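The values are calculated or read from the model by the stated rules, or taken from the named source; none is laboratory data. Since the structure is predicted, the reported quantities are computational estimates derived from the model, not experimental observations. Because the Cβ atoms are built from the backbone with ideal geometry, glycine has one as well, and the counts that use them run over all protein chains shown. These area figures cover heavy atoms from the full protein model, side chains too; ligands, DNA and RNA do not enter into them. Shrake-Rupley method; radii C 1.70, N 1.55, O 1.52, S 1.80 Å.
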Amino acid sequence: MPSVSSVRDAPVRYASAGEVNVAYQVFGAGVDLVYVPGLLNVIEAAAEEPAVERHFERMASFARVALFDKRGTGLSDRVSAEEMADLGSRLADLTAVMDAVEMSSAALFATADGAIPAILFAAHHPERVDALVILQGTARWGAAPDYPEGLPADRLQPEVWNERWGNEANPHVVELLAPSMASDRRWRRALGRLQRRSGTPRAAYNYWQTFARADARDALADVRAPTLVMHAAGDRLIPVAQARVMAAQLPNARFVELPGADHFHFFTNSDRVAAETQELLTGRRGGAGGARRLATVLFADIVGSTQQLSDLGDARWRDVLSTFERLVRSSLLRHGGHEVAFIGDGFLSLFDDPTAAIDCAAELVTEVRELGIEIRAGIHTGMVEVRGDDVAGMGVHIAARVMGAAGPSEVLITRTVGDLLLGSDTQLEPRGPRELKGIPEPLELFALRAQS
């Protein structure tokens, strides 16, 4: 079946699962990979949230990806509560989509409550499953006498779903899904819209109740496909202990513990998840590995962090750093930046658009002052070398040295960036040529003019 390369360009099609229409999209090229969705899923929304879109673009670099909305949610047919509660219907949806996209077999990528139908499918149809990836999932969520890792099924009450599901000011379980983004107003609005488009509060609650009672533990020993289980250490929705127990009972599983507490991996672990998945499916990690590309590099760090730590103490400084990281990630999402790494009290990111990098840096200079700190930033456009999840090369080195030359609350750029801004309304002040350590020739630098 022909496919497009981008999730944004992928048309929505429908597969027939009996009398039910199941909406799906296909994009990318490479090994066949089917996402088995969790509760919160709308295929059209993948191209509307920058972090989600970037994740799928990364996956499409090595896989032909099929996304679908399970029956009762998103763009697929609405069905009765009884049919939604039937795990057999979930398997029928998966089968219908695989048949429609002409995947006789594929790797399954299951998230959250999608793990249970994926496990059952892998156990019952081994000839159709090349590999299994389970992210933030479990074989059983609810408590049982023989399952101390389980949680009470009534943990999330129905009246709370009615009040908060789709509420853009306070969307349901926002504090559990992505704690790193919970206070970001843009993300809260986006999550509220996503919840409404996924389905009604009643439909969502019915799905949750089915998930809370489901148990796929007996099928784990029958899963023969190579399996990768990934889970955030601090996940508050599905505890990591459940993932560890599940992985231990899967015959061919490797367990990877991810950092942080986000159940939604898009904001904190997206690159790691993609790299681990690629390694399982292709034997290679990080796409092209060592590929060179042109990018705008933004380096920034906190000014006087050692003194700040001394003044504030360990506990308060950790709070400041945590909030700083949240502000950075939120700004990167707004401006289309790609987070490469947090390095101590600073961060490294890449942009396709130099104007976006400047806007991001300027925004952060202002925002972090509310934390009682200042940052300095350096920006350069040049060739970088992509090495798996990391980047290197002279372009990165120059941006780091330019940052080192900046003062508190100052954004410095190289002439290369300045030349790319000709015709824009960005206001720059010349800082003259500077000799920077490790750079063969002096670089002419410019500072972003402070807004009055």
Qualifying residues in region 208-242 (those that are touching a Gly at 6+ places or on another chain (Cβ under 7 Å) and in a helix (DSSP H, G or I)) - the one surrounded by the most Cβ atoms within 10 Å (Cβ to Cβ) = 212
Run residue 281 past the list (1) in a loop (DSSP other than H, G, I, E, B); (2) open to solvent by 10 Å² or more (accessible area, probe 1.4 Å) and report the number of the one that doesn't hold.
-> (1)
By residue number, the members of region 243-252 that are within 19 Å of residue 273 (Cβ to Cβ) and either crowded, with 18+ Cβ neighbours inside 10 Å or within 20 Å of the chain's Cα centre (by Cα) (or both) are 243, 246, 247, 250
Exactly one condition in (1) surrounded by fewer than 22 Cβ atoms within 10 Å (Cβ to Cβ); (2) not in a loop (DSSP other than H, G, I, E, B) is not met by residue 260; state its number.
-> (2)
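Among the residues of region 145-168, which ones are of a type outside the set (A, V, I, L, M, F, W, C), open to solvent by less than 70 Å² (accessible area, probe 1.4 Å) and modelled with pLDDT under 85?
Filtering region 145-168 for residues of a type outside the set (A, V, I, L, M, F, W, C) gives 145-150, 152, 154-155, 157-159, 162-164, 166-168.
Checking which are open to solvent by less than 70 Å² (accessible area, probe 1.4 Å) leaves us with 147, 149-150, 157-158, 164, 166-168.
Across region 145-168, the qualifying residues are 157, 158.
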Only listed residue being in contact with a helix residue (DSSP H, G or I) (Cβ under 7 Å, 6 or more places away or on another chain) and closer than 18 Å to residue 203 by Cβ, chosen from 51, 45, 66 = 45
Within region 8-58, residues being more than 19 Å from residue 102 (Cβ to Cβ) and of a type outside the set (Gly, Ala, Ser) number 20
Mind checking which residues of region 10-37 are in contact with a Phe, Trp or Tyr (Cβ under 9 Å, 6 or more places away or on another chain) and of a type outside the set (A, V, I, L, M, F, W, C)?
-> 13, 14, 21, 24, 25, 28, 30, 35, 37
Hey, any hits in region 181-203 for a residue that's open to solvent by less than 20 Å² (accessible area, probe 1.4 Å) and in contact with a strand residue (DSSP E or B) (Cβ under 8 Å, 6 or more places away or on another chain)?
-> no
Name the one entry in 299, 266 that is within 24 Å of residue 41 (Cα to Cα) and of a type in the set (Phe, Trp, Tyr).
-> 266
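The rows are residues; the columns are (1) touching a residue at least 12 places away in the same chain (Cβ under 8 Å); (2) among the polar types (S, T, N, Q).
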site: 187; (1), (2): yes, no
site: 193; (1), (2): yes, no
site: 204; (1), (2): yes, no
site: 214; (1), (2): yes, no
site: 218; (1), (2): no, no
site: 235; (1), (2): yes, no
site: 253; (1), (2): yes, no
site: 256; (1), (2): yes, no
site: 268; (1), (2): yes, yes
So which residues in region 92-109 are open to solvent by less than 30 Å² (accessible area, probe 1.4 Å) and more than 14 Å from residue 32 (Cα to Cα), if there are any at all?
-> 93, 96
Could you count how many residues in region 410-452 are buried (at least 16 other Cβ atoms within 10 Å of the Cβ) and either in contact with a Cys (Cβ under 7 Å, 6 or more places away or on another chain) or part of a loop (DSSP other than H, G, I, E, B) (or both)?
-> 4
Cβ-Cβ under 8 Å pairs, at least 6 apart or on other chains, region 159-183 side farther than 18 Å from residue 205 by Cα and free of Cβ contacts under 8 Å to residues at least 24 places away in the same chain, far side among the β-branched types (Val, Ile, Thr) and open to solvent by less than 20 Å² (accessible area, probe 1.4 Å) = 182/174
